[in-house]
């Protein structure tokens, strides 16, 4: 069981593997075993502190009778924190306690740029087939949030992963944060999302592969939101990659649309002025009908008072067509006719809109203005013109994107072309190459050393020749 803050504060200094900083509690067998797994991925420790921590943990394990015979094997199960990047937070909130997120968690079939926590100072390599087998273990895992956004905090789980997939060499995830439970944290994520990324935790079996640590099997156990500069894989975000798919900058697109839509904008501005003038005229009419509104007001109030009495007695409470609701609508209808200069005599319930936006509380204020007549020649003319202008705007936008040239395939580096030629491929395939084809080509080209094959595959992928 995790220690509460009170329990942790009550522990003596000797029950920590790093007593000076009160990190890695070793008060019982469970926490002592966990401390051994956490030494390499605990933030803020020097190499000397980690070495002393391991010694203290081993002494404590001996005191508690813990078997440590498998703690130092070269191929071992280890808790590792591998840092990836990319966080995209759409501002869509259909559920009060869900703020959706999506992003790239890490990459497969390529070495990490930096050694991640828990890897013993070595860069890591996650094969695609290993990631595919472990992919389902991501589902349902929690997402953590630390106050300084630099480490994992398993006591503060602010979200959950609900989807995961491998696209090309990217491991992508999606899920949601608990927006209502953690409003300050979610607001901070929204503000700093361009600088944030993901970190994940994994239980993994590893082995040395040259100067890399290859993961041979793993199970994902969690993730966290961190700053991108903590990432082992330093790359651009998923959102930035999506923006680059169109070979036109934002400024160029704005200039294009401004030139095409300029005349339409002028016409819309003129129409808006006419609408404002019509509204002002209606306001004057309403003010002129003040006597009529004052004459009707006590009767509308009587209807609302009747509705309140029936509601208190539990009568006529149907949500859609109940007496209480009808009385409120009748009062509002009378006030609307009076505002238009007419003495109300007939309640036309089939003309009334029972939408959520039109419903009023029992003591709500009367409408400020009557509904404009859609058949009014002036209003109809303005409506038709606005509709035509909207169609023109849609056509212009469609034409602008249609006339945009498709992105050109980037030039293949000469070293990649040379490598293909050595492998018996005279011209790069238009649709790219599968991993099996690349392996066959590298074998034919005499590239057999593992580190050289990895570097070659990376160059081929960067040239856009790796078929997803």
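Looking across segment 1-38, the residues that are under 16 Å from residue 117 (Cα atoms), modelled with pLDDT under 90 and touching a helix residue (DSSP H, G or I) at 6+ places or on another chain (Cβ under 7 Å) come down to 35, 36.
Let's see how each residue does on (1) closer than 30 Å to residue 449 by Cα; (2) in contact with a strand residue (DSSP E or B) (Cβ under 7 Å, 6 or more places away or on another chain):
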site	(1), (2)
129	yes, no
145	no, yes
190	no, no
194	no, no
206	yes, yes
215	yes, yes
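For residues in segment 427-449 being part of a helix (DSSP H, G or I) and within 37 Å of the chain's Cα centre (by Cα), which is nearest to residue 416 (Cα to Cα)? Per the stated criteria, the residue is 438. Restricting to segment 310-335, what's the tally of residues that are part of a helix (DSSP H, G or I) and surrounded by fewer than 12 Cβ atoms within 10 Å (Cβ to Cβ)? Count: 2.
Apart from one condition, residue 185 fits all of (1) at pLDDT below 85; (2) outside any strand (DSSP E or B); the exception is (1). Within the option set 138, 126, 114, being closer than 27 Å to residue 47 by Cβ and buried (at least 18 other Cβ atoms within 10 Å of the Cβ) holds for one residue only, 126. Of the listed requirements (1) out of contact with any strand residue (DSSP E or B) (no Cβ under 8 Å at 6 or more places or on another chain); (2) at pLDDT below 85, residue 41 misses just one: (1). Among the conditions (1) outside any helix (DSSP H, G or I); (2) touching a helix residue (DSSP H, G or I) at 6+ places or on another chain (Cβ under 7 Å); (3) modelled with pLDDT under 75, the only one that residue 424 does not satisfy is (3). Take residue 142 and decide whether it is over 14 Å from residue 106 (Cα atoms), modelled with pLDDT of 90 or more and either within 19 Å of the chain's Cα centre (by Cα) or in the same structural domain as residue 204 (by TED's automatic domain parsing) (or both). Yes, satisfied. Check segment 69-83 and report whether any residue there is on the phi > 0 side of the Ramachandran plot, at pLDDT below 85 and crowded, with 16+ Cβ neighbours inside 10 Å. No, segment 69-83 has no match at all. With respect to the conditions (1) modelled with pLDDT of 85 or more; (2) within 29 Å of residue 451 (Cα to Cα); (3) in the same structural domain as residue 195 (by TED's automatic domain parsing), residue 47 falls short on a single one, namely (3).
Of the strands (runs of 3 or more DSSP E) lying entirely inside segment 93-177, the ones with 1 or more residues being closer than 30 Å to residue 211 by Cα and touching a helix residue (DSSP H, G or I) at 6+ places or on another chain (Cβ under 9 Å) are found at 99-107, 123-125, 157-167, 170-177.
Here residue 41 passes the criteria (1) assigned to a helix (DSSP H, G or I); (2) within 40 Å of the chain's Cα centre (by Cα); (3) more than 15 Å from residue 20 (Cβ to Cβ) except the one numbered (1).
The values are calculated or read from the model by the stated rules, or taken from the named source; none is laboratory data. Worth saying up front: this structure is predicted, and the values here are computed from it rather than measured. Counting neighbours? That spans all protein chains shown, and the Cβs are built from the backbone with ideal geometry, glycine included.
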